[in-house]
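Student: Okay, here's the structure, questions in a sec.
The values are calculated or read from the model by the stated rules, or taken from the named source; none is laboratory data. Predicted model only: the values in this text are computed from it and were never measured. Cβ sites come from the backbone with ideal geometry, for glycine too, and all protein chains shown count toward neighbours.
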Amino acid sequence: MTTTALIELANVPENDARGVTIKDGARVRKFIVLRWQNETIVYRNRCPHAGTPLDWVPDRFFDRGKQNLFCTSHGASFEPDTGLCIDGPCLGDSLEKCAFEVRDGIVTLTEAL
């Protein structure tokens, strides 16, 4: 099994998210590590509408009310727990969830980059 360490879970506050960028040669992969209502979730940091990262300002993934993930490029809103787009140009599409585990306090991808 291929694994890639992303971030220490302790560095992701509850009901918030952090962005992680993994560089592998010329390839760059961006992820969102989210702690939401006592659950940890990892999404690819890629809006299904235009393929751009959700955060324009690093680690700013939530709308002002801190209720939904928000794409700053075109204003799409996503449910934090499901990744489903509930408003905006990609309505009905979803963020891509990633397989991961928390091992020794480290959020680690368990899928190929």
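Student: Taking the stretch 6-17, which residues are under 11 Å from Asp59 (Cα atoms) and not in a loop (DSSP other than H, G, I, E, B)?
Tutor: Asp16, Ala17
Student: Within the stretch 90-102, which residues are in a strand (DSSP E or B) and either without any contact (Cβ under 8 Å) to a residue 40 or more places away in the chain or among the acidic types (Asp, Glu) (or both)?
Tutor: Initially, the stretch 90-102 is screened for residues in a strand (DSSP E or B), giving 94, 97, 100-102.
Selection gives Glu101 alone.
Student: How many residues does the stretch 18-61 hold that are in contact (Cβ under 8 Å) with a residue 40 or more places away in the chain, in a loop (DSSP other than H, G, I, E, B) and charged (D, E, K, R)?
Tutor: 2
Student: So if I check each of Glu14, Glu79, which one is loosely packed, with under 14 Cβ neighbours inside 10 Å and at negative phi? Show your work before the answer.
Tutor: Working: Glu79 fails: loosely packed, with under 14 Cβ neighbours inside 10 Å.
None of the other options fit; the residue is Glu14.
Student: Return yes when Thr3 is surrounded by fewer than 18 Cβ atoms within 10 Å (Cβ to Cβ), touching a helix residue (DSSP H, G or I) at 6+ places or on another chain (Cβ under 9 Å) and farther than 12 Å from Leu95 by Cβ and no when it is not. Even if it seems obvious, please write down each step before you answer.
Tutor: Numbers: surrounded by fewer than 18 Cβ atoms within 10 Å (Cβ to Cβ): yes; touching a helix residue (DSSP H, G or I) at 6+ places or on another chain (Cβ under 9 Å): no; farther than 12 Å from Leu95 by Cβ: yes.
For Thr3, the condition - surrounded by fewer than 18 Cβ atoms within 10 Å (Cβ to Cβ), touching a helix residue (DSSP H, G or I) at 6+ places or on another chain (Cβ under 9 Å) and farther than 12 Å from Leu95 by Cβ - is not met.
Student: Only residues that are touching a residue at least 12 places away in the same chain (Cβ under 8 Å) and either under 12 Å from the mean Cα position of the chain (by Cα) or within 18 Å of Ile41 (Cβ to Cβ) (or both): list them for the stretch 75-89, please.
Tutor: The first filter runs over the stretch 75-89 and keeps only residues touching a residue at least 12 places away in the same chain (Cβ under 8 Å), leaving 75-78, 80-83, 85-89.
Passing the criteria: Ala76, Ser77, Phe78, Pro80, Asp81, Thr82, Gly83, Cys85, Ile86.
Student: May I pose another question? Output the residues belonging to the stretch 90-113 that are of a type in the set (A, V, I, L, M, F, W, C) and either surrounded by fewer than 15 Cβ atoms within 10 Å (Cβ to Cβ) or under 15 Å from Thr40 (Cβ atoms) (or both).
Tutor: Here is the first cut: in the stretch 90-113, the residues of a type in the set (A, V, I, L, M, F, W, C) are 90-91, 95, 98-100, 102, 106-107, 109, 112-113.
Matches in the stretch 90-113: Leu91, Leu95, Cys98, Ala99, Phe100, Val102, Ile106, Val107, Leu109, Ala112, Leu113.
Student: If the requirement is being charged (D, E, K, R), in contact with an Asp or Glu (Cβ under 8 Å, 6 or more places away or on another chain) and either more than 18 Å from Ala99 (Cβ to Cβ) or at pLDDT 95 or above (or both), which of these qualifies: Arg64, Arg60, Arg35? Working first, answer last.
Tutor: Values: Arg64 fails: in contact with an Asp or Glu (Cβ under 8 Å, 6 or more places away or on another chain); Arg60 fails: in contact with an Asp or Glu (Cβ under 8 Å, 6 or more places away or on another chain).
Sole residue among the options that is charged (D, E, K, R), in contact with an Asp or Glu (Cβ under 8 Å, 6 or more places away or on another chain) and either more than 18 Å from Ala99 (Cβ to Cβ) or at pLDDT 95 or above (or both): Arg35.
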